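Shown next, in structure tokens, is the structure this report addresses.
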Amino acid sequence: MDAKKLEILMTAVDLGSFSRASEVVGYTQSGLTHLVNSLEREIGFPLIVRSHNGISLTEQGRELMPDIRQFLQANASLENRIQGIREKQMETIRIAAYASIAMFWMPEILYRFRRICPNVDVDLRMVDHALEPYELLQDGKTDVIFASKQNYGTCEWTPLYHELLYAILPKTYPLNGRAEFPLKEFEGKDFLMPYGRFDIDVHAAFEKAGVKAKEQTVYVDDETLIRMVGKGLGISMMSELMIRGNTDDVCCVPVTPKSIRELGMGTEKGVELSESVRKLKECVVEYTKGFRGRTF
């Protein structure tokens with residue numbers, strides 16, 4: 001049974017006129033008449049009576065009308081359910097994350113998420129600029145960010161991990177057995193500033209300790225900067241994830257006083273999370289809750 005034909009029949013009956021119904025459903029009056037005639041032939045008996053006053057139901061039409069209404073309601077419910085499933089299957093979560101987080105956290109997080117939400121796609125965008133994730137979130141170009149905490153009032157923030165900051169030194173640097181590097185010791189030394197606005201975290205630590213280093217911004221990736229330190233071109237400071245796996249040519253020790261940057265997950269403030277984003281958040285919290293500081 002063609003639900004569309006039944007819907008048009010219902011509209012015509014409710015309005016009492018083919019001419020008025022044609023204005024509502026977007027058919028010509030002759031087209032609508034032809035459609036109802038076709039429906040009556042399909043059923044095998046007349047459903048409406050035509051007169052100069054309009055149209056009305058036949059006795060058989062009145063008898064069928066409750067079932068027709070019930071059929072149309074059930075059909076609408078089915079179509080809504082199908083659409084909901086289709087949208088869920090096509091849902092995509094857009095994620096923007098620092099390169100270090102994308103490299104060391106996201107593969108495991110996405111593996112866990114895929115197991116519980118196999119029909120949700122994830123569009124992972126790796127960024128190097130410390131503020132870019134917040135800008136993307138503010139502009140509606142991403143749904144979830146993974147970054148260090150910054151002063152953005154439009155972000156709903158979930159803290160995940162306090163990441164230590166480390167001094168990056170040549171192997172030959174005279175630590176003299178020390179397991180920590182005083183921030184004051186950066187004073188006046190050639191300092192290679194990591195690219196991507198990591199200077200925000202560095203300057204926060206320097207200002208707290210009253211340190212002024214001889215800063216030189218280098219527009220290279222983290223691994224290249226670490227190699228530059230290894231060649232004696234300067235010293236630097238980076239966070240735990242930034243230096244992980246790249247320490248063969250350098251010495252990495254935590255700075256003192258202890259300095260950290262807070263890593264976390266952000267979503268748009270005031271916006272209710274979808275079910276899939278809530279499940280992603282659960283995966284992230286579960287994955288990061290057991291993290292401990294790492295020694296290099």
(request) Quickly run through the range 271-295 and pick out the residues that are open to solvent by 70 Å² or more (accessible area, probe 1.4 Å) and not aliphatic (A, V, I, L, M). (result) Glu272, Glu275, Arg278, Glu282, Glu286, Lys289, Arg292, Arg294, Thr295
(message) Among the residues of the range 235-249, are any touching an Asp or Glu at 6+ places or on another chain (Cβ under 7 Å), under 17 Å from Lys189 (Cα atoms), open to solvent by less than 20 Å² (accessible area, probe 1.4 Å) and in a loop (DSSP other than H, G, I, E, B)?
(response) no
(message) For the range 1-35, which positions are under 20 Å from Gln70 (Cβ atoms) and either without any contact (Cβ under 8 Å) to a residue 40 or more places away in the chain or surrounded by fewer than 18 Cβ atoms within 10 Å (Cβ to Cβ) (or both)?
(response) Met1, Asp2, Ala3, Lys4, Lys5, Glu7, Ile8, Met10, Thr11, Asp14
(request) Please find, among Asp222, Asp143, Asp199, the residue that is of a type in the set (Asp, Glu), touching a Pro at 6+ places or on another chain (Cβ under 8 Å) and open to solvent by less than 70 Å² (accessible area, probe 1.4 Å). (result) Asp222
(message) Take the conditions among the charged types (D, E, K, R) and either under 30 Å from Val285 (Cα atoms) or without any contact (Cβ under 8 Å) to a residue 40 or more places away in the chain (or both) and apply them to Arg125. Does it pass?
(response) yes
(message) Among (1) in contact (Cβ under 8 Å) with a residue 24 or more places away in the chain; (2) small (Gly, Ala, Ser); (3) open to solvent by 10 Å² or more (accessible area, probe 1.4 Å), there is one condition Gly177 misses while meeting the rest; what is its number?
(response) (1)
(message) Anything in the range 254-270 that is open to solvent by 10 Å² or more (accessible area, probe 1.4 Å) and part of a strand (DSSP E or B)? List them, or say none.
(response) Pro254, Thr256, Ile260, Arg261, Glu262, Thr267, Glu268
(request) Would you be able to say whether some residue in the range 87-103 is open to solvent by 80 Å² or more (accessible area, probe 1.4 Å) and modelled with pLDDT of 90 or more? (result) yes
(message) Here's a check for you: in the range 225-234, which residue that is over 16 Å from Asp199 (Cβ atoms) and assigned to a loop (DSSP other than H, G, I, E, B) is least open to solvent (accessible area, probe 1.4 Å)?
(response) Gly232
(request) With the condition kept exactly as written, say whether any residue in the range 119-130 is open to solvent by less than 40 Å² (accessible area, probe 1.4 Å), in a strand (DSSP E or B) and not β-branched (Val, Ile, Thr). (result) no
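The values are calculated or read from the model by the stated rules, or taken from the named source; none is laboratory data. Predicted, not measured: the structure shown is a model, and the values here were computed from it. For neighbour counting, all protein chains shown are included, and Cβ atoms are generated from backbone atoms with ideal geometry for every residue, glycine included. Note: areas computed on protein heavy atoms with side chains; ligands, DNA, RNA excluded. Shrake-Rupley method; radii C 1.70, N 1.55, O 1.52, S 1.80 Å.
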